[in-house]
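Each remark here refers to the structure printed beneath this line.
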Amino acid sequence: MAVAVLITNERARDALSHVRSARFSMEWGSGKTHSLIVGLLADLDRVQGRHELESLVAQAKGHLPVVLMSAKVAPRSDAAFQALAYLTWLIGQEVYIAPDAAAIGRMVFARQAKAEEALIASATIEDGKIVVWSCEPRRYAVDASEIPALVKLSSAGLADFAVSDTGSRIHWNSGDVDLDLTGIRVHADPDVRRQHQVERRREAVQYAGAIRAFREERGLKQTDIHGLSERQVRRLEEGETLPHSSTLSKLSAAHGMSIEDYLQELAKRSTRRLSGSRSRKARPTRRRAAKR
């Protein structure tokens, strides 16, 4: 199903001609089916261009995302910057300036997939920071030095990246690094970081019981895992840490298994433990109901 996009004029339609699955209109209509308002950043230098955009934004009453496509053209007049400030005030947030039509295409695709919060519209490197706009659109900025996979990249290597066609990831050629929006948000958004830490802790605890149970079934001691100290194994089995790939390799070798087979065994035990935990929580409720 095509995504309805409000545009300011025919110039915007021509600039977006290669965007798939979009239905462009210059009239507000019912407003219920529209998903975006898109204009050209260069049009802010024109009185008519400013009027066209401000009129659509005012009619939307702040309910639609506003995107200005730059095509690497910056506004030149004071009136253009004043108009940009006015638009920011109208919508109550920073106006997203998309670098090209491909970014608009990702926003359209995200609305088809109902994944605006999960997909990336565009990304830039600014003074050592990765600045990413989601397809909502929302801005996230994080120091590249805070992301371990990117720390060793040179300035040239950091700048050598591409956003996938669907916006599912950013790929750096140097080091063959991939990051999705969640990976960016974990570092840029304190709320997401806290949620991620809770999820990792829950996952670590779930793994912990399975690792311990399987080791004991095989008759292995914590000191029998070659390459891991007793303290390291104890921390894994107490849910303090999640096993990395190198740790999994040592654990699986101690059990005489491949990593794939070892992980399958852990998954079985994790599922059984989770099911057993739910059953134990449910029983007291049933007994209380019987007494009534």
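If you check E116 against the conditions, is it of a type in the set (D, E, K, R) and closer than 29 Å to E10 by Cβ?
Numbers: of a type in the set (D, E, K, R): yes; closer than 29 Å to E10 by Cβ: yes.
Criteria met by E116.
Report the residue count in the stretch 34-52 for those that are over 21 Å from M107 (Cα atoms) and polar (S, T, N, Q).
Summing the residues that are over 21 Å from M107 (Cα atoms) and polar (S, T, N, Q) in the stretch 34-52 gives 1.
I want to confirm something. Restricting to the stretch 242-266 and keeping residues that are in contact with a helix residue (DSSP H, G or I) (Cβ under 8 Å, 6 or more places away or on another chain) and in a loop (DSSP other than H, G, I, E, B), which single residue is modelled with the highest pLDDT?
The qualifying residue modelled with the highest pLDDT is H255.
Can you find a residue that is touching a residue at least 12 places away in the same chain (Cβ under 8 Å), within 24 Å of the chain's Cα centre (by Cα) and on the phi > 0 side of the Ramachandran plot anywhere in the stretch 14-35?
yes
Within the stretch 154-164, does at least one residue satisfy the condition of being modelled with pLDDT under 85 and more than 15 Å from the chain's Cα centre (by Cα)?
No, every residue in the stretch 154-164 fails to be modelled with pLDDT under 85 and more than 15 Å from the chain's Cα centre (by Cα).
Any idea which of (1) under 18 Å from K268 (Cβ atoms); (2) exposed (fewer than 14 other Cβ atoms within 10 Å of the Cβ); (3) under 37 Å from the mean Cα position of the chain (by Cα) is the one F214 doesn't satisfy?
Single failed check for F214: (2).
Please count how many residues of the stretch 206-239 are without any contact (Cβ under 8 Å) to a residue 60 or more places away in the chain, part of a helix (DSSP H, G or I) and not β-branched (V, I, T).
Step one: of the stretch 206-239, the residues without any contact (Cβ under 8 Å) to a residue 60 or more places away in the chain are 208, 211-212, 214-239.
Still in the running and part of a helix (DSSP H, G or I): 208, 211-212, 214-217, 222-224, 230-237.
Applying the additional criterion that residues be not β-branched (V, I, T) yields 208, 212, 214-217, 222, 224, 230-232, 234-237.
Number satisfying all stated conditions: 15.
I'm trying to understand the selection: among the residues of the stretch 58-112, which are more than 25 Å from the chain's Cα centre (by Cα) and within 30 Å of M1 (Cα to Cα)?
A58, Q59, A60, K61, L87, L90
Could you tell me how many of the residues in the stretch 267-278 are crowded, with 18+ Cβ neighbours inside 10 Å and either modelled with pLDDT of 85 or more or over 14 Å from R215 (Cα atoms) (or both)?
0
Quick one: count up the residues across the stretch 83-135 that are of a type in the set (D, E) and surrounded by 17 or more Cβ atoms within 10 Å (Cβ to Cβ).
Step one: list which residues in the stretch 83-135 are of a type in the set (D, E), which gives 94, 100, 116-117, 126-127.
Still in the running and surrounded by 17 or more Cβ atoms within 10 Å (Cβ to Cβ): 116.
So the count comes out to 1.
Among (1) surrounded by fewer than 13 Cβ atoms within 10 Å (Cβ to Cβ); (2) farther than 24 Å from G105 by Cα, there is one condition L153 misses while meeting the rest; what is its number?
Among (1) surrounded by fewer than 13 Cβ atoms within 10 Å (Cβ to Cβ); (2) farther than 24 Å from G105 by Cα, L153 violates only (1).
Of all the residues that make up the stretch 82-99, how many are under 15 Å from L40 (Cα atoms) and part of a loop (DSSP other than H, G, I, E, B)?
Step one: list which residues in the stretch 82-99 are under 15 Å from L40 (Cα atoms), which gives 83-84, 87, 95-99.
Still in the running and part of a loop (DSSP other than H, G, I, E, B): 95, 99.
The number of residues fulfilling the criteria is 2.
Report yes if V131 is assigned to a strand (DSSP E or B), β-branched (V, I, T), within 28 Å of H34 (Cα to Cα) and in contact with a strand residue (DSSP E or B) (Cβ under 8 Å, 6 or more places away or on another chain), otherwise no. Quick ask: steps written out before the conclusion?
Working: assigned to a strand (DSSP E or B): yes; β-branched (V, I, T): yes; within 28 Å of H34 (Cα to Cα): yes; in contact with a strand residue (DSSP E or B) (Cβ under 8 Å, 6 or more places away or on another chain): yes.
The answer is yes for V131.
The values are calculated or read from the model by the stated rules, or taken from the named source; none is laboratory data. Fair warning: this is a prediction, and the values are worked out from it, not measured in the lab. No Cβ is skipped: glycine too gets one built from the backbone with ideal geometry, and neighbour counts run over all protein chains shown.
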